[in-house]
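**Student:** Sharing a structure below in structure tokens format, with a few things to ask.
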Amino acid sequence: MKFNYKISYSIWLILPLLFISCEDFVEVEAPDNKLVSDVVFNNDATAESAMTGIYNQLFLADFSSGQRTSVTFLSGLSADNFQNIRSSNITRMEFEQHEITPDNPGNLDIWASAYNIIYLTNSLLEGLNNSEQLSSELKTQLEGEARFIRAFSYFYLVNLYGDVPLIVSTNYHDNQLASRTSSAEVYEQIISDLEIALDSLSSEYKNGERTTVNKFAAASLLARVHLYLEDWGAAERLSSEVIDQNETYEILEDLDQVFLANSKEAIWQISPLGGGGQITNTNEGSLFIIDPIFSFFAVIKMEEGFVEQFDQEDQRLSNWIGYNEELDAYFPFKYKVWSSNELPILEYSMVLRLAEQYLIRSEARAKQGDLIGAIEDLDVIRIRAGIASVEESNPGIGEEALLDLIMKERQKELFAEWSHRWLDLKRTDRANDVFGSNPMWDPTDILYPIPSQEREKNLNLSQNPGY
């Protein structure tokens, strides 16, 4: 795995230790980490800086960056929300056409960058464990943050690739030939990490910035994990814990306020400051917005069939979807800033937000037969969008129809965010219904291939069926 990212200012403290990539650390001699660890973990300030460096790296890492190599973009192409404007880029067309080859560079970028983030968190966790100089309070807090980021990274790996190597140390002798671990075991590690994070993290945000995780971020991701594992009771309980934090979170009436920096709907965001340069806009804004003057930069547009699903009075259509006349193309317009180098930063990249928790709880309640509660949660989202509530328009709706409606609302609410639609189709076994008429579609396409570059270096890595 290649690692050519620009190094952010705050991670230089751990450069010799943490910026050894997944590929490199299996090919070089064992590094002398003792001096580095002594420096980084000998006081609270430098240890805190190490964690800040990992947060910053999420803005740069391919899978989490919101750029053309991110899961938001590439897995969005795999779903039915948007498509390529031009067909000349083979890498991107393979994702849209469900013909991803094992040597697709975008596919490698997702895999490699996620494992690089995991390596960074493993390195930090080992440093915390070996340190005797740090305050116990800080060690507990930083362990929770690092475990959350590791669980977050594994969540996308296991959902996009199925069984994946479970790497929880920096031991390159073990890691270089690690075989794939069952999805069930990877999920066990994800849950373990998030439960520890839930117990370790404060309910407050450090420095008032929602770019660091707190205990409710851990509860939010854990609620999603249990939803995916069909543990409906746990998903409902955890989402309720977040929803009940009325003083911290709320569903904002003005849709244009949702994706602003530190909005009250935000549970966790990533700041453009992680880039370490002069750019102060989100990567998603640069990628998705089709600027009226520089429309030739645009690479994707929304599928017209998806846009047509919105009711005309739906404020998500008017506020979150833009239109470019020159290209006759609709585009995601949740982020309003296309390019900027000015302070203060107006928008942060949204990772977790409150609306998803209402949708999680709605689905979990419906699956448990609590249709009234499920409708109440779904109507929070629908009423905010300016469309008729289910309670008024279809009060006698049955469970199956309600679950279908929840999926449609998830698609409309969460489009262009972190591959929600693609993963929803996968986890609910709906992908064949959506893509089955496409002659290029095969049911095995629901998992991406293990990158051929990784299998060439590690003969213990098996390939997914169909590749």
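The values are calculated or read from the model by the stated rules, or taken from the named source; none is laboratory data. Computed from a predicted structure; not experimentally measured. So basically every Cβ, Gly included, is an ideal-geometry build from the backbone, and we count neighbours across all protein chains shown.
**Student:** Does any residue of region 222-234 turn out to be in contact with a Ser or Thr (Cβ under 6 Å, 6 or more places away or on another chain), crowded, with 20+ Cβ neighbours inside 10 Å and not polar (S, T, N, Q)?
**Tutor:** At the first step, the residues of region 222-234 found to be in contact with a Ser or Thr (Cβ under 6 Å, 6 or more places away or on another chain) are 223.
Among the residues that remain, those that are also crowded, with 20+ Cβ neighbours inside 10 Å are: 223.
Within this subset, residues satisfying the condition of being not polar (S, T, N, Q) are 223.
Within region 222-234, one or more residues are in contact with a Ser or Thr (Cβ under 6 Å, 6 or more places away or on another chain), crowded, with 20+ Cβ neighbours inside 10 Å and not polar (S, T, N, Q).
**Student:** May I ask you to list the residues in region 130-163 that are buried (at least 22 other Cβ atoms within 10 Å of the Cβ), among the aliphatic types (A, V, I, L, M) and either farther than 17 Å from ARG180 by Cα or in contact with a Cys (Cβ under 8 Å, 6 or more places away or on another chain) (or both)?
**Tutor:** LEU142, ALA146, ILE149
Conditions tested, residue by residue: (1) more than 14 Å from PHE63 (Cβ to Cβ); (2) in contact (Cβ under 8 Å) with a residue 60 or more places away in the chain; (3) in contact with an Asp or Glu (Cβ under 6 Å, 6 or more places away or on another chain).
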| site | (1), (2), (3) |
| --- | --- |
| GLN83 | yes, yes, yes |
| SER88 | yes, no, no |
| ARG92 | yes, yes, no |
| PHE95 | no, no, no |
| HIS98 | yes, yes, yes |
| ASP103 | yes, yes, no |
| ASN107 | no, yes, no |
| TRP111 | no, yes, no |
| ASN116 | no, yes, no |
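**Student:** If I filter region 352-360 for residues that are of a type in the set (Val, Ile, Thr) and crowded, with 24+ Cβ neighbours inside 10 Å, do I get at least one hit? Quick ask: steps written out before the conclusion?
**Tutor:** In the first step, residues of region 352-360 are kept if they are of a type in the set (Val, Ile, Thr); the result is 360.
Next, from what is left, pick out any that are crowded, with 24+ Cβ neighbours inside 10 Å: 360.
The answer is yes; a qualifying residue exists.
**Student:** Can you give me the number of residues within region 190-239 that are in a helix (DSSP H, G or I), closer than 19 Å to SER64 by Cβ and not aromatic (Phe, Trp, Tyr)? Write out each step before concluding.
**Tutor:** Quick first cut of region 190-239, residues in a helix (DSSP H, G or I) only: 190-200, 206-208, 215-228, 232-239.
Among the residues that remain, those that are also closer than 19 Å to SER64 by Cβ are: 190, 193-194, 197, 217-218, 220-222, 224-225, 228.
Those left that are additionally not aromatic (Phe, Trp, Tyr): 190, 193-194, 197, 217-218, 220-222, 224-225.
Result for region 190-239: 11.
**Student:** Also, I was wondering about something else. In region 130-170, what count of residues is obtained for those that are in a helix (DSSP H, G or I), of a type outside the set (Gly, Ala, Ser) and over 18 Å from the mean Cα position of the chain (by Cα)? Spell out the reasoning first.
**Tutor:** Filtering region 130-170 down to residues in a helix (DSSP H, G or I) leaves 130, 136-161.
Okay, now just the ones that are also of a type outside the set (Gly, Ala, Ser), so 130, 137-143, 145, 147-150, 152, 154-161.
If we keep only those that are over 18 Å from the mean Cα position of the chain (by Cα) too, we end up with 130, 137-143.
Total satisfying the criteria: 8.
**Student:** Any chance you could count how many residues in region 172-189 are assigned to a helix (DSSP H, G or I) and touching a helix residue (DSSP H, G or I) at 6+ places or on another chain (Cβ under 9 Å)? Break it down stepwise before answering.
**Tutor:** Applying the first criterion (assigned to a helix (DSSP H, G or I)) to region 172-189 yields 172-175, 183-189.
Still in the running and touching a helix residue (DSSP H, G or I) at 6+ places or on another chain (Cβ under 9 Å): 172-173, 175, 183, 186-187, 189.
Result for region 172-189: 7.
**Student:** Note down all Cβ pairs under 7 Å where the first residue falls in region 296-315 and is under 14 Å from PHE333 (Cβ atoms), the second is assigned to a helix (DSSP H, G or I), and they're at least six residues apart or on different chains.
**Tutor:** Taking only residues 6 or more apart or on different chains, the pairs are PHE310/ARG316; PHE310/LEU317; PHE310/LYS412; ASP314/ALA385; GLN315/LEU255; GLN315/ALA385.
**Student:** Ok, one more. Every residue in region 47-78 that is of a type in the set (Val, Ile, Thr), under 19 Å from ASP424 (Cβ atoms) and out of contact with any Leu (no Cβ under 8 Å at 6 or more places or on another chain), please.
**Tutor:** Initial filter on region 47-78 (of a type in the set (Val, Ile, Thr)): 52, 54, 69, 71-72.
Next cut, under 19 Å from ASP424 (Cβ atoms) only: 71-72.
Matches in region 47-78: THR72 only.
**Student:** Continuing with the same structure: Mind listing just one residue for me: the one in region 261-297 that is modelled with pLDDT under 95 and among the hydrophobic types (A, V, I, L, M, F, W, C) and, of those, surrounded by the fewest Cβ atoms within 10 Å (Cβ to Cβ)?
**Tutor:** The qualifying residue surrounded by the fewest Cβ atoms within 10 Å (Cβ to Cβ) is ILE293.
**Student:** Checking the condition touching a strand residue (DSSP E or B) at 6+ places or on another chain (Cβ under 7 Å) and surrounded by 21 or more Cβ atoms within 10 Å (Cβ to Cβ), which residue from ALA416, ALA374 passes? Talk me through it step by step, then tell me what you get.
**Tutor:** Values: ALA374 fails: touching a strand residue (DSSP E or B) at 6+ places or on another chain (Cβ under 7 Å).
Of ALA416, ALA374, the one residue that is touching a strand residue (DSSP E or B) at 6+ places or on another chain (Cβ under 7 Å) and surrounded by 21 or more Cβ atoms within 10 Å (Cβ to Cβ) is ALA416.
**Student:** Shifting gears a bit: Among GLN453, GLN411, which is assigned to a helix (DSSP H, G or I), within 18 Å of GLU99 (Cα to Cα) and out of contact with any Gly (no Cβ under 6 Å at 6 or more places or on another chain)?
**Tutor:** Working: GLN411 fails: within 18 Å of GLU99 (Cα to Cα).
Within the list GLN453, GLN411, the selection yields GLN453.
**Student:** Related question: For region 240-260, indicate whether the set of residues that are on the phi > 0 side of the Ramachandran plot, surrounded by fewer than 17 Cβ atoms within 10 Å (Cβ to Cβ), at pLDDT 95 or above and in a loop (DSSP other than H, G, I, E, B) is non-empty.
**Tutor:** Taking region 240-260 as the starting set, the residues that turn out to be on the phi > 0 side of the Ramachandran plot are none.
For region 240-260, residues on the phi > 0 side of the Ramachandran plot, surrounded by fewer than 17 Cβ atoms within 10 Å (Cβ to Cβ), at pLDDT 95 or above and in a loop (DSSP other than H, G, I, E, B): absent.
**Student:** When you scan region 110-123, how many residues do you find that are under 16 Å from the mean Cα position of the chain (by Cα) and more than 17 Å from GLN463 (Cα to Cα)?
**Tutor:** The first filter runs over region 110-123 and keeps only residues under 16 Å from the mean Cα position of the chain (by Cα), leaving 110-118.
Add one more test, that the residue is more than 17 Å from GLN463 (Cα to Cα), and what stays is 113-118.
Of the residues in that region, 6 qualify.
**Student:** Can you tell me which residues in region 199-216 are surrounded by fewer than 21 Cβ atoms within 10 Å (Cβ to Cβ) and either of a type outside the set (Gly, Ala, Ser) or over 17 Å from GLN245 (Cβ atoms) (or both)?
**Tutor:** Start the filter on region 199-216 by keeping residues that are surrounded by fewer than 21 Cβ atoms within 10 Å (Cβ to Cβ), which leaves 199-200, 202-209, 215.
Scanning region 199-216 gives ASP199, SER200, GLU204, TYR205, LYS206, ASN207, GLU209, LYS215.
**Student:** Hey, can you tell me all the residues within region 239-250 that are out of contact with any Phe, Trp or Tyr (no Cβ under 7 Å at 6 or more places or on another chain) and in contact (Cβ under 8 Å) with a residue 60 or more places away in the chain?
**Tutor:** Passing the criteria: SER239, SER240, TYR249, GLU250.
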